[in-house]
Each structure stands twice: as C-alpha cells, then as structure tokens.
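Colleague: Once you've had a glance at the structure underneath, I'll fire off some questions.
The values are calculated or read from the model by the stated rules, or taken from the named source; none is laboratory data. Just so it is clear, the model here is predicted, and its values are computed rather than measured. Cβ coordinates were reconstructed from backbone atoms using ideal geometry, including for glycine residues, and neighbour counts include every protein chain displayed. Quick note on the areas: whole protein, heavy atoms, side chains included, nothing else; ligands and nucleic acids left out. Shrake-Rupley method; radii C 1.70, N 1.55, O 1.52, S 1.80 Å.
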Amino acid sequence: MEIRINDHPVDFELQGEKKIGEIIDSLAGWARERDLVFFEADINGVRYAIDSLPEMGVDAVKTVNCVFKSRADMVLSTGHEAFEYCGRIIRHIEKANGNGGFTPANYAELLSGLEWLCEVILKIAGILGIDAAVMKYADRPLSAHLDELKNVTSGLKDHRDRAGIRAVAVTVESARNIIMMLFLSDEMKSFQLKSVDAPDEIAASLHKLKKDLPAQADNLELTAIAFQTGKDRDGAERLNSFIDFIFRYIRAAHQSVQVFGLDPKSIDVKGETLEACNESLRGLLVQAMESMENGDIISLSDVLEYEIKPAVEDLGAFLDVLIEKSSS
C-alpha cells in the first residue's frame, strides 16, 4: 500500500492496523501535533471527507493520499470563499431585480446564505483573536455590521420585496469589505506566521506568483476601466481575481521570511525594502477599500490604475529575490 501526504510519498510502518480508518486515525494524530487540519483522504482514487471514510480493510487499499491543511490555509480558503460569495449575491440580486425578482427557492437560499456569511466572519474574527465589538469598520464595530446583516432579512416582506432585497445588497457589500479588512489586519499577519507550509510548497507559490504577476498588473488597469465605464459587475469580478492574487502574495511573503530566515528590512530593491514595499501596498489596499466603502468610483479607479498597478509591477523584483533565497 502506498501512503502519501499532500501528494508526497511517506514511509509509514503499519502498527497492526487492520482497517483504513485506523491508519487515518494514526495520521490524524501526527497532524494534530503539527497544528494541521485533516481535510480529506483519497483512497484508491476516490475522495472522501474525513467524517465519511469507508469501512475498508487495509488489504483492499492500494493507495491513500491524505490531504492536510494548515489552520491558516483553512481560514484563507474559507474567507476567500465568503468574499466571492458576497460578489455572487450582489450580482444575483442585480440580475433578479432586472428579471422580475427572486423566486421562492432563490429567496430561501439567500436567507440561509446570509446566516452562513455571518458565521464565517465571526469565526474568522474569533480565530484571529479579534473582538468584533472593538474593531471598527466605517466608524462602527464589526458586531454592529453583523447584527445588521442578520437583521436585514427580518424586514423583508417576501421574495417579491425588491426594495428590501436591494438593501440586502448594500449590507452584503459592507460584509465583503469587512472580510478584506480582516485579511489585511495585523492579526492575520501574525496568524499566518504561526502556521507555515513546507519549504517546497512556499517556493512553488513564489514561482506561481511571479508567473501570474504580469496578467494581474494588466487586470488592474482593466478593472479601473470597467468601473469607469459603468461595468461594475465586470469590475467586481476582476477585482476578486486580483484580491485572490494579493492574498496568495501576502501569505507567501510572510512565510518566506520565517521559513528561509530572511530579514524583510535587509531585502532591498532600488532603495526600497521588502518590508516598506509590503506596508505601502497594504496602505494602498486599505485606501481602495475605503473608496469602495464610500462608493467613490473615481478614487477607486485612480488608486487601482495609477498607484496599486505600479506597486504590483514592482513586486516582480522582490519575488525574484525571494525565489533566489528559497532555492539557495
């Protein structure tokens, strides 16, 4: 039987285990010692959730690949899923209002989806150690925004209440900005540093980022143009793609510093350090978020095209340095 962890072969000596579940339990203990989360298992080419493993003896198992994720990865993936969900909800509301309103089924999905969104934001804040009653967005505590998100549906009459459902879209837009704020927080930075990937995975992430960078720089200009010409849906989708890129960059940069023993203050490109570059980029992202919050499309477009785009293009030289350090 071949045993793999995250697609990497491992030597695992059977200690009398007779069922696949017993092997999984042993590997789960290994994961807990390393603060990893057991995500799923691929057994003989079939994927199973960890809570739905088949009753199978080891003699029937040819291959098993156990997929583990760091807690930081789980937070990032769940948060990004919630961020994209907000965009889908907003687009769906716009489409529904233009096509005669929500159906009863769509309406029920909307209500359950908003409950899930509240839970995700609260869990992310809790994992990061953020007090939702203390941290503020738009001069109000996060808890107030979440209460508004929970209560916005209580004022809806039914699936035909277009005005009420449009109000939901405004509240969901705030929720999307809150998720972005959480991901740019100092608490997220500290959390990421506590949960690191293997060196080869970090190196692969750096190479992928360098490959994706030119397209994302062009994407920023197209995002600005989309917003300027009233194509908000296209602009939002392009912005989601860029935010995914930035989330991956922030994580890889933070982890590279820790895993490869680098000093971000000593990595200098054309007179700017990696630390200063990242802080400047973070400030620009906050500025973009504030423009979105205020509905200031002109300022948002300007900061995307004339400030964030050049900053992103400059990341290429820093990624080259990180890639070189990761391979030395």
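Colleague: Could we say that D73 is more than 19 Å from I165 (Cα to Cα), modelled with pLDDT under 85 and not hydrophobic (A, V, I, L, M, F, W, C) here?
Modeller: Taking the combined requirement at face value, the residue satisfies it.
Colleague: For L300, are the conditions met, namely being open to solvent by less than 40 Å² (accessible area, probe 1.4 Å), among the hydrophobic types (A, V, I, L, M, F, W, C) and closer than 30 Å to E173 by Cβ?
Modeller: On the way: open to solvent by less than 40 Å² (accessible area, probe 1.4 Å): yes; among the hydrophobic types (A, V, I, L, M, F, W, C): yes; closer than 30 Å to E173 by Cβ: yes.
So L300 fits the description; yes.
Colleague: Looking only at the stretch 307-328, how many residues end up being at pLDDT below 90 and either at positive phi or open to solvent by less than 40 Å² (accessible area, probe 1.4 Å) (or both)? If you could, list the steps in order and put the result at the bottom.
Modeller: Pass one, the stretch 307-328, residues at pLDDT below 90: 325-328.
Now drop any that are not either at positive phi or open to solvent by less than 40 Å² (accessible area, probe 1.4 Å) (or both), which leaves 326.
Counting residues in the stretch 307-328 that are at pLDDT below 90 and either at positive phi or open to solvent by less than 40 Å² (accessible area, probe 1.4 Å) (or both) gives 1.
Colleague: Something else about it: Limited to the stretch 43-80, what total is found for residues that are within 24 Å of the chain's Cα centre (by Cα) and in contact (Cβ under 8 Å) with a residue 24 or more places away in the chain?
Modeller: 15
Colleague: Ok, one more. Look through the stretch 220-246, keep the residues that are farther than 20 Å from L281 by Cβ and at pLDDT below 85, and return whichever of them is surrounded by the most Cβ atoms within 10 Å (Cβ to Cβ).
Modeller: A236
Colleague: Let me ask you something else. Would you mind listing the helices (runs of 4 or more DSSP H) fully within the stretch 224-328 where at least 2 residues are charged (D, E, K, R)?
Modeller: 232-259, 274-293, 309-327
Colleague: Taking the options R282, R251, name whichever one is under 18 Å from the mean Cα position of the chain (by Cα) and either open to solvent by less than 40 Å² (accessible area, probe 1.4 Å) or at positive phi (or both).
Modeller: None of the others qualify; the one that does is R251.
Colleague: Only residues that are closer than 19 Å to S190 by Cβ, of a type in the set (D, E, K, R) and without any contact (Cβ under 8 Å) to a residue 40 or more places away in the chain: list them for the stretch 232-262, please.
Modeller: Listed by number, the list is empty, since nothing qualifies.
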